[in-house]
């Protein structure tokens, strides 16, 4: 595509040149013709005047010479108009010339001119007649005539040179025009390509300013604008991605709703909370995503009142999830004033802790009050007179004593626990043989197991490495676990204890029972103080509710850990992982 | 429904509203089941009474959905897909409302149970309740996402609840045979178990209808294992 601008500029030049030529043709040509004709005529007049100084006779004698000298046809006419001689028509008789306008003019003024079509020569002729006088008497006339063709010919000659000159001027000027047009058009075209790229959204490379003129300035300006615009876009994009990163990085889940109450924006935090794919959230209603009646109720309430709503929502199909949701209208959102935003805070952990604390206080008071009530009750009965009944007194005191012991155990456990937690318990780590301790524990618990007809099986291979542990604490741990196992295994059940080396670094002790088991949901909370799988389960079994808590903390103090796996109705397996003792550290 | 837009925006909105309300009802019913089982496990009579009181909301929403469906049928004369959706919605609505009533029944039994000491630790009951609840949730998920696969999965899960119910029945029978004082409590627990089993039946029916709605095929009286996985 050749630039239209280029053609416009070039055509203007062309027209200009043609116009100059036309002006010459129409104005100059007649003028030149006239000037040349007059020049020829004046030369002829001059020649004629000089010739007229001669007498007629002399002239007659030298007609041919005169004609040759003046390059004209010479006609000599006497006063009556009779042609005496003619340089071109020597032998033919010619008619009277007195009536010819140039001769008439010469008769009156001494000289005359005329341009006429000569019938004799059949061409346009230029005539000059001069009167030949002698003492104021006209003796005759000398007439010079020249063909106008000759004049035309010389004009043509002149014209040829003029056209040649014009042509010589036109070629370079057109060439110049061409160059000029191209010089202007091509940078403009490149600028145009630049702006078109911008329109397409690309970032074109900056253009070199070809010159220092307006075009160059324009190029520079456009370069500047492109740069500035891209800087703005870059800043906006950067700002946007910063905001998005912050939005996505938030722990809180955030979503916004469009006019149809469908989710049109949400962050990663929200996606993590609901655990759904992007496509399953975008464009859905909050109810479709969360399926929470509480959330829907709050949402409906918000839509009615438009007042910010705080609500706690329990979600969680598989794992428990408690969210604190805040529903509010977004203010200052471009285009849409009625936009709704929901912010979700995950308060699951907080709620669990809160509940743990509340449970702990409730549990401690309950655990302490139960034996206390018994003690007070029996002592009151004794005070009211039972003290005199020897037999009853013994029984009552025994019961009170039992309860006091239980209270003591409870306080001991609590103290132990708090000591371990505060790190005040001195642990005496030595390399110990775990099988030995297991054997001792089994001996201690044997009567209990036998009482419930529970078979205890052990599988303790010889090659178990020594573990780094505090002997007494390990004893306590194993006693607690085994006690639990016996407690929650129905009569005639079975308990199996195994120990095995695990990956060289740890020794795993597993106590598996065929007891009632623990529901999956309760497993993570087992180490909590006073946490009971069922409110009524273990208290009747005589536990303090601190056993597993103590085990968990003691295991942590050993640098090991406890894992509990269970299937309700089938049994529970407690795995204890102890670190293997390193020989050099042992000494 | 999302794939095919209707010419009338109003009509579209009304259909979506029915769907939304159905989900809301489903959520309310699920909550009722969750709360009842929590009331049972924690012996929380207060919570049981709350569930009974909240049933009013379920009934109200049930009426509302039915009215909307009837109005849609009368005024819009829906055809094909929409007709199937609306008739299915009316039926699902009825099932959900019944489940709500059953949660009330369970809570009434719980209130009675809590007046006596706990008979035994509950292990299978919460499992049953959880399965039944998730069946409702999944059948509604299948409705929203038009997921036949999921609906068929729900239809198969009914079996698990049935067998758990039988297990509880056998277990309680031994309790009753051993000690006649446990008969009252055992019967109450049995009724709760039976009610949970019926809830799962309702959930299965919902899944059946979701399959019908999506495929146009009536599977209500078909064995759910047929033609699957074998």
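Quick rundown of the values:
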{"item": "Count - residues of the stretch B:77-93 that are on the phi > 0 side of the Ramachandran plot and part of a helix (DSSP H, G or I)", "result": "1"}
{"item": "Among (1) within 14 Å of another protein chain (Cβ to nearest Cβ); (2) within 22 Å of residue A:291 (Cβ to Cβ) - the single one residue B:102 does not satisfy", "result": "(1)"}
{"item": "Residue match in the stretch B:105-119 (condition: touching a helix residue (DSSP H, G or I) at 6+ places or on another chain (Cβ under 9 Å), within 10 Å of another protein chain (Cβ to nearest Cβ) and free of Cβ contacts under 8 Å to residues at least 60 places away in the same chain)", "result": "yes"}
{"item": "Number of the condition not met by residue A:128 [criteria: (1) in a helix (DSSP H, G or I); (2) surrounded by 17 or more Cβ atoms within 10 Å (Cβ to Cβ)]", "result": "(1)"}
{"item": "From B:12, B:17, B:31, residue being in contact with a strand residue (DSSP E or B) (Cβ under 9 Å, 6 or more places away or on another chain), in a helix (DSSP H, G or I) and either surrounded by 21 or more Cβ atoms within 10 Å (Cβ to Cβ) or within 13 Å of chain A (Cβ to nearest Cβ) (or both)", "result": "B:31"}
{"item": "Within the stretch A:301-408, strands (runs of 3 or more DSSP E) holding 3 or more residues that are within 14 Å of chain B (Cβ to nearest Cβ)", "result": "A:309-315"}
{"item": "Selection status of residue B:47, buried (at least 16 other Cβ atoms within 10 Å of the Cβ), farther than 27 Å from residue B:218 by Cβ and away from chain A (no Cβ under 12 Å)", "result": "yes"}
{"item": "Residue check, residue A:563 modelled with pLDDT of 70 or more, under 26 Å from residue A:455 (Cα atoms) and either more than 14 Å from chain B (Cβ to nearest Cβ) or under 53 Å from the mean Cα position of the chain (by Cα) (or both)", "result": "yes"}
{"item": "Candidates A:504, A:527, filtered to the one that is under 26 Å from residue A:458 (Cα atoms), away from every other protein chain (no Cβ under 14 Å) and free of Cβ contacts under 8 Å to residues at least 40 places away in the same chain", "result": "A:527"}
{"item": "Neighbours by Cβ (under 6 Å, 6+ apart or cross-chain): first from the stretch B:1-30, over 16 Å from residue B:61 (Cβ atoms); second at pLDDT 85 or above and surrounded by fewer than 17 Cβ atoms within 10 Å (Cβ to Cβ)", "result": "none"}
{"item": "Residue check for residue A:285: modelled with pLDDT of 85 or more and at the interface with another protein chain (Cβ under 8 Å from one of its Cβ atoms)", "result": "yes"}
{"item": "Residue selected from the stretch A:212-269 under the condition in contact (Cβ under 8 Å) with a residue 60 or more places away in the chain and out of contact with any helix residue (DSSP H, G or I) (no Cβ under 8 Å at 6 or more places or on another chain), by the criterion farthest from residue B:15 (Cα to Cα)", "result": "A:256"}
{"item": "Residue within the stretch A:416-423 that is within 60 Å of the chain's Cα centre (by Cα), under 28 Å from residue A:479 (Cβ atoms) and not in a helix (DSSP H, G or I) present", "result": "yes"}
{"item": "Yes/no for residue B:65 being crowded, with 20+ Cβ neighbours inside 10 Å, over 16 Å from the mean Cα position of the chain (by Cα) and within 14 Å of chain A (Cβ to nearest Cβ)", "result": "yes"}
{"item": "Selection count, the stretch B:120-129, where residues are facing chain A (nearest Cβ under 10 Å) and within 11 Å of the chain's Cα centre (by Cα)", "result": "0"}
{"item": "Residue count for the stretch A:453-465, restricted to those that are modelled with pLDDT under 85 and surrounded by 15 or more Cβ atoms within 10 Å (Cβ to Cβ)", "result": "3"}
{"item": "Answer from B:53, B:39, B:74 - the residue that is in a helix (DSSP H, G or I), farther than 30 Å from residue B:9 by Cβ and free of Cβ contacts under 8 Å to residues at least 24 places away in the same chain", "result": "B:53"}
{"item": "Hey, residue A:359 out of contact with any helix residue (DSSP H, G or I) (no Cβ under 9 Å at 6 or more places or on another chain), surrounded by 15 or more Cβ atoms within 10 Å (Cβ to Cβ) and at pLDDT below 85 or not", "result": "yes"}
{"item": "Residue that is nearest to residue A:523 (Cα to Cα), among those in the stretch A:292-313 that are in contact with a helix residue (DSSP H, G or I) (Cβ under 7 Å, 6 or more places away or on another chain) and touching a residue at least 12 places away in the same chain (Cβ under 8 Å)", "result": "A:313"}
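Listed here are the residues, each with its yes/no results for (1) touching a residue at least 24 places away in the same chain (Cβ under 8 Å); (2) assigned to a helix (DSSP H, G or I); (3) within 19 Å of residue B:105 (Cα to Cα).
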| residue | (1), (2), (3) |
| --- | --- |
| B:156 | yes, yes, no |
| B:163 | no, yes, no |
| B:168 | yes, yes, yes |
| B:186 | yes, yes, yes |
| B:192 | yes, yes, yes |
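The values are calculated or read from the model by the stated rules, or taken from the named source; none is laboratory data. Keep in mind that what you see is a predicted model, and the values were worked out from it rather than measured. All Cβ positions, even for glycine, are placed from backbone atoms using ideal geometry, and neighbour counts span all protein chains on display.
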